[in-house]
1. Provide the per-residue ³J(HN,Hα) series for region 7-21, in order, calculated from phi with Karplus coefficients 6.51, -1.76, 1.60 and θ = phi - 60°, each as a whole number of Hz, with x at glycine and proline positions.
2. So what J values fall out for region 33-42 if you push phi through Karplus, 6.51 cos²θ - 1.76 cosθ + 1.60 with θ = phi - 60°, rounded to Hz, Gly and Pro as x?
3. Work out how much length residue 77 to residue 31 would gain on full extension: take 0.36 nm times their residue separation and subtract the Cα-Cα distance, in nm to one decimal.
4. Residue by residue through region 55-65, what is 3J(HN,Hα) from phi via Karplus (6.51 cos²θ - 1.76 cosθ + 1.60, θ = phi - 60°)? Round to whole Hz and write x for glycine and proline.
5. Could you tell me which label, among (i) 58; (ii) 52; (iii) 42, carries the value of percent of Cα pairs over 19 Å apart calculated for this structure?
Amino acid sequence: MTIMTDRHPELFPEEYDFINDSVTDARLRKRGINPMAQSYIDEVNERRYKMGVKAFMPTSASPEHHLATLNDDLFLTSHAFLAQ
């Protein structure tokens, strides 16, 4: 593993949540539905926002500033953040 991928799970654990999915959660994800609680999604994306990283799996109920990161070139993907 490279340094970048070694640090990725540490800095962005939300991107690995699917590993612990129940059968029901996995089915929801397969249908494009995020099984995470909205409060968790908002907490994770606020941390990412402060880091300058695009939101991860926001929903229509997510704050507008989280949704805006998806189309804003000033915000990086998690992998691009680590590559800097």
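1. 7, 4, x, 5, 7, 10, x, 4, 7, 10, 4, 4, 4, 9, 4
2. Working through the residues one at a time gives 9, 7, x, 6, 5, 4, 5, 5, 4, 5 Hz.
3. Contour length minus the Cα-Cα distance gives 14.2 nm.
4. Ordered by residue, 3J(HN,Hα) equals 4, 10, 6, x, 10, 5, 8, 6, x, 4, 5 Hz.
5. (iii)
No lab work stands behind these numbers, since they all come straight from the coordinates. What you see is a predicted model; the values in this text were computed from it and never measured.
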